[in-house]
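Bear in mind that the values in this text are calculations on the coordinates, not laboratory data. Owing to the predicted nature of the structure, the values given are computational and were not obtained by experimental measurement. Heads up, the Cβs are rebuilt from the backbone with ideal geometry, glycines too, and the neighbour counts pull from every protein chain shown.
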Amino acid sequence: MRVTKVISTEERIMRFIVADTMYAKRRALRLSQKDLGNLVGVSTVMINHLESGMINLRLDTLVRIAKCLKMDIILEFKNL
């Protein structure tokens, strides 16, 4: 039996912003999903799932991806 986690709209939007940014930068650097996966140390399937917003991205994986894509990560916490 598969359990499906319900995610908020905000989390879904954040996933797609990260996914779109990652995809655009990877393409700008002319890297394939396989190339990026090899650099990061994850499978091509995982890169595909991350770029499609299908899975939650761990912070340590995000940091490795950002380094490989020559990007900075800026986190901002706001009081709601």
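Check each of the chymotrypsin sites (Phe, Trp or Tyr not before Pro) in the chain and keep only those in coil by DSSP with at most 15 other C-beta atoms within 10 angstrom; list them in order. Don't skip to the end; give the middle numbers.
Values: sites: PHE16, TYR23, PHE77; in loops: PHE77.
Sparse-neighbourhood loop chymotrypsin sites (Phe, Trp or Tyr not before Pro): PHE77.
Let me know the charge dipole size of segment 9-68 about its Cα centre in debye, to the nearest 20, where only the beta-carbon of Lys, Arg (+1) and Asp, Glu (-1) is charged.
Numbers: 10 positive and 6 negative charges, 49 e Å.
Dipole magnitude for segment 9-68 comes out near 240 debye.
Among all stretches of the chain without exposed trypsin sites (Lys or Arg not before Pro) (DSSP loop, at most 15 other Cβ atoms within 10 Å), which one is longest?
Values: sites that count: ARG2, LYS5, ARG30, ARG58, LYS70, LYS78.
Longest run free of exposed loop sites: 31-57.
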Taking a straight Cα-to-Cα line shorter than 20 Å from LYS78, and setting aside same-chain aspartates and glutamates fewer than 8 residues away, one finds GLU10, GLU11
Where a ≥ b ≥ c are the square roots of the eigenvalues of the C-alpha gyration tensor, would you call the chain rounded, which needs a/c under 1.5, or, failing that, prolate if a/b is larger than b/c, or oblate? oblate
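For the chain, run through the GluC sites (Glu not before Pro) and keep only the ones in DSSP coil with at most 11 other Cβ atoms within 10 Å of their Cβ.
Working: sites: GLU10, GLU11, GLU51, GLU76; in loops: GLU76.
Passing sites in the chain are GLU76.
Taking 8 Å as the Cα distance limit and 6 or more residues as the minimum spacing, I'd like the relative contact order of the chain as a percentage. If you can, show how the numbers build up before the last one.
Details: 47 pairs, mean separation 22.0, N = 80.
For the chain, the relative contact order is 28 percent.
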